[in-house]
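K.L.:
Take this structure, written in structure tokens, and hold onto it; I'll ask about it next.
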Amino acid sequence: MSQEEDPELAIIKARKMKQFKEKAALIEKINEDKTKTNATKMDDREILLKYLYDRGDEVLQLAELQYPIQTKIIVKRIVDLIKSGELDSLISGGELLAIFRSVGLRIRVDTNIRIDDHGKFISFGEKLKEGI
């Protein structure tokens with residue numbers, strides 16, 4: 001009896017091992033696919049960051065915080081233009097802000113006007129108060 005059970009056990013063990021290997025391969029494939037999609041999304045942002053100057057990265061970051069879904073779509077479209085060669089110049093922060101505003105996204109950017117007053121920078125509001 002024990003001799004007949006050993007081959008059966010070996011077959012069952014082999015079948016289970018095959019199932020475990022298939023499951024592990026499937027999980028590994030799913031993880032690779034997720035990594036590839038995340039890498040593609042990051043690549044678009046990184047490509048755009050290479051073309052931004054003059055506070056463009058700040059505008060992009062504010063846009064991502066305020067309008068995350070719309071920003072991803074716009075970033076993808078800009079990167080498509082860059083890849084196709086239609087857009088080959090650098091994009092300033094002001095130009096990027098104008099792009100977002102042209103599609104109806106009002107990105108709120110904190111601005112500070114500072115004035116040089118005898119070697120010391122003071123805000124425009126403080127300068128006005130001094131003048132009164």
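The values are calculated or read from the model by the stated rules, or taken from the named source; none is laboratory data. No experiment lies behind these values; they were computed from the predicted model shown. Here the Cβ positions follow ideal geometry from the backbone for every residue, glycine too, while neighbour counts run over all protein chains shown.
K.L.:
So is ILE47 in a helix (DSSP H, G or I) and of a type in the set (Val, Ile, Thr) or not?
P.N.:
Details: in a helix (DSSP H, G or I): yes; of a type in the set (Val, Ile, Thr): yes.
It is true that ILE47 is in a helix (DSSP H, G or I) and of a type in the set (Val, Ile, Thr).
K.L.:
Determine whether GLU64 is surrounded by 10 or more Cβ atoms within 10 Å (Cβ to Cβ) and either basic (Lys, Arg) or at pLDDT 80 or above (or both).
P.N.:
Numbers: surrounded by 10 or more Cβ atoms within 10 Å (Cβ to Cβ): yes; either basic (Lys, Arg) or at pLDDT 80 or above (or both): yes.
Criteria met by GLU64.
K.L.:
Separate question: Among the listed residues GLU86, GLU58, which satisfies the condition of being modelled with pLDDT of 85 or more, surrounded by 15 or more Cβ atoms within 10 Å (Cβ to Cβ) and charged (D, E, K, R)? Please lay out each step first, then the result.
P.N.:
Details: GLU86 fails: surrounded by 15 or more Cβ atoms within 10 Å (Cβ to Cβ).
Just one listed residue meets the conditions, GLU58.
K.L.:
Okay, next question. I'm trying to understand the selection: among the residues of the range 112-132, which are in a loop (DSSP other than H, G, I, E, B) and more than 36 Å from the chain's Cα centre (by Cα)?
P.N.:
Taking the range 112-132 as the starting set, the residues that turn out to be in a loop (DSSP other than H, G, I, E, B) are 112-113, 118-119, 132.
Across the range 112-132, the qualifying residues are HIS118, GLY119, ILE132.
K.L.:
Can you tell me how many residues within the range 104-130 are β-branched (Val, Ile, Thr) and surrounded by 10 or more Cβ atoms within 10 Å (Cβ to Cβ)? Write out each step before concluding.
P.N.:
Residues of the range 104-130 that are β-branched (Val, Ile, Thr), as a first pass: 107, 109, 111, 113, 115, 122.
So of that shortlist, the ones also surrounded by 10 or more Cβ atoms within 10 Å (Cβ to Cβ) come out as 107, 109, 115, 122.
Residues flagged as β-branched (Val, Ile, Thr) and surrounded by 10 or more Cβ atoms within 10 Å (Cβ to Cβ) within the range 104-130 amount to 4.
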